[in-house]
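Please read the structure below before turning to the comments.
The values are calculated or read from the model by the stated rules, or taken from the named source; none is laboratory data. If you're wondering where the values come from, they're calculated on a predicted model, not measured in any experiment. Here the Cβ positions follow ideal geometry from the backbone for every residue, glycine too, while neighbour counts run over all protein chains shown. These accessible areas exclude ligands, DNA and RNA; they are computed on the full protein's heavy atoms, side chains included. Shrake-Rupley method; radii C 1.70, N 1.55, O 1.52, S 1.80 Å.
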Amino acid sequence: MSDPDKIKLEASWKERLLNEFSQPYMKQLRQFLRERAESGAQIYPKGSQIFAAMDSTPFEKVRVVILGQDPYHGPRQAHGLCFSVQPGIPAPPSLMNMFRELNQDLNCPMPQHGYLMPWAEQGVLLLNSVLTVEQRRAGAHSNQGWEQFTDRIVQLLNEERDHLVFMLWGSYAQRKGAMIDKTRHLVLKAPHPSPLSAHRGFFGCRHFSQANEFLLEHDMEAVDWCLPERLSREDIEKATL
């Protein structure tokens with residue numbers, strides 16, 4: 001990450017978050033990332049994609065928030081949207097379970113990819129709590145400052161927007177979402193879609209249809225959760241820019 005005045009971030013988010021980049025915790029985080037990169041650590045996602053969740057979903061367009069934990073730590077997987085993987089990469093088990101729930105809930109076909117950009121472009125903020133990780137080291141960048149930054153994102157959405165849907169899957173996301181005003185927003189809770197816990201209540205939660213029902217009740221468009229079964233060449237090219 002560069003100095004605050006050089007931060008490349010979608011304008012509506014930069015307006016609200018620029019002050020965070022001059023805070024002591026963010027300066028310490030920048031130093032940590034610099035030192036890890038200089039030591040040879042392979043950091044994911046690449047620098048231009050660290051803020052992809054916000055760049056893909058401007059503040060005023062957010063309708064649904066899905067909270068993840070930290071990026072995938074395998075090669076070529078993470079690209080800045082929680083649960084999503086880049087074109088050509090097989091969908092990980094948790095994402096496959098999300099697709100199975102979508103199939104049961106909304107009869108969506110099972111896609112042959114795990115690229116969730118179509119959701120982000122419709123106003124689904126796919127936000128990880130921690131925005132970077134190291135290869136083969138899940139949680140490697142936890143407790144270095146990212147959590148404070150993404151708490152601020154959740155706080156801003158909670159305070160400045162009305163009638164948002166927050167999907168909180170697993171105890172980690174539910175703790176992070178504790179600040180959300182449930183009288184103004186719809187908070188949907190379920191176990192994490194991981195194979196270790198999906199059978200405990202994620203399957204059958206119907207969060208996707210519940211989200212759409214809430215949005216329609218508040219005069220907003222429903223999200224088209226059904227992804228194309230295969231990505232177009234245009235989607236693939238766009239993803240590799």
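Can you find a residue that is part of a helix (DSSP H, G or I) and closer than 20 Å to Thr57 by Cα anywhere in the range 127-146?
yes
Does Ala91 count as within 28 Å of Ala222 (Cα to Cα), open to solvent by less than 60 Å² (accessible area, probe 1.4 Å) and without any contact (Cβ under 8 Å) to a residue 60 or more places away in the chain? Don't jump to the end; show me each part of the working.
On the way: within 28 Å of Ala222 (Cα to Cα): yes; open to solvent by less than 60 Å² (accessible area, probe 1.4 Å): yes; without any contact (Cβ under 8 Å) to a residue 60 or more places away in the chain: yes.
Yes.
Report yes if Leu196 is more than 13 Å from Val65 (Cβ to Cβ) and either part of a strand (DSSP E or B) or open to solvent by 40 Å² or more (accessible area, probe 1.4 Å) (or both), otherwise no.
Details: more than 13 Å from Val65 (Cβ to Cβ): yes; either part of a strand (DSSP E or B) or open to solvent by 40 Å² or more (accessible area, probe 1.4 Å) (or both): yes.
Taking the combined requirement at face value, the residue satisfies it.
Can you tell me which residue in the range 199-241 is nearest to Cys82 (Cα to Cα), limited to those that are among the acidic types (Asp, Glu) and in a loop (DSSP other than H, G, I, E, B)? So that I can check it myself, show each step before the final result.
Just the residues of the range 199-241 that are among the acidic types (Asp, Glu), to begin with: 213, 217, 219, 221, 224, 229, 234-235, 237.
If we keep only those that are in a loop (DSSP other than H, G, I, E, B) too, we end up with 219, 221, 224, 229.
On the way: Asp219: 27, Glu221: 22, Asp224: 18, Glu229: 20 Å.
The qualifying residue nearest to Cys82 (Cα to Cα) is Asp224.
Among the residues of the range 131-172, the one identified as among the acidic types (Asp, Glu) and open to solvent by less than 10 Å² (accessible area, probe 1.4 Å) is Glu134. All conditions but one from (1) surrounded by 15 or more Cβ atoms within 10 Å (Cβ to Cβ); (2) in a helix (DSSP H, G or I); (3) at pLDDT below 95 apply to Arg175; the one that does not is (1).
Tell me, which residue of the range 222-233 that is touching a residue at least 24 places away in the same chain (Cβ under 8 Å) and open to solvent by 60 Å² or more (accessible area, probe 1.4 Å) is nearest to Pro109 (Cα to Cα)? So, considering only residues that are touching a residue at least 24 places away in the same chain (Cβ under 8 Å) and open to solvent by 60 Å² or more (accessible area, probe 1.4 Å), the one nearest to Pro109 (Cα to Cα) is Glu229. Just one of the listed residues (Pro118, Pro87, Pro75, Pro109) is assigned to a loop (DSSP other than H, G, I, E, B), more than 18 Å from Ala198 (Cα to Cα), at pLDDT 95 or above and not hydrophobic (A, V, I, L, M, F, W, C), namely Pro109. Residue pairs, Cβ under 6 Å, 6 or more apart or interchain, first in the range 133-147 and more than 19 Å from Ala173 (Cβ to Cβ), second part of a loop (DSSP other than H, G, I, E, B) and among the hydrophobic types (A, V, I, L, M, F, W, C). List them. Listed by first residue and then by second, the contacts come to Glu134/Ala41; Glu134/Ala140.
Does Ala37 fit the bill of being buried (at least 19 other Cβ atoms within 10 Å of the Cβ) and either under 21 Å from Gln144 (Cα atoms) or under 16 Å from the mean Cα position of the chain (by Cα) (or both)? No, not satisfied. With respect to the conditions (1) under 16 Å from the mean Cα position of the chain (by Cα); (2) modelled with pLDDT of 95 or more, Ala198 lacks only one, and its number is (1). Picking from residues in the range 95-130 that are in contact with a helix residue (DSSP H, G or I) (Cβ under 8 Å, 6 or more places away or on another chain) and of a type in the set (S, T, N, Q), the one that is surrounded by the most Cβ atoms within 10 Å (Cβ to Cβ) is Asn128.
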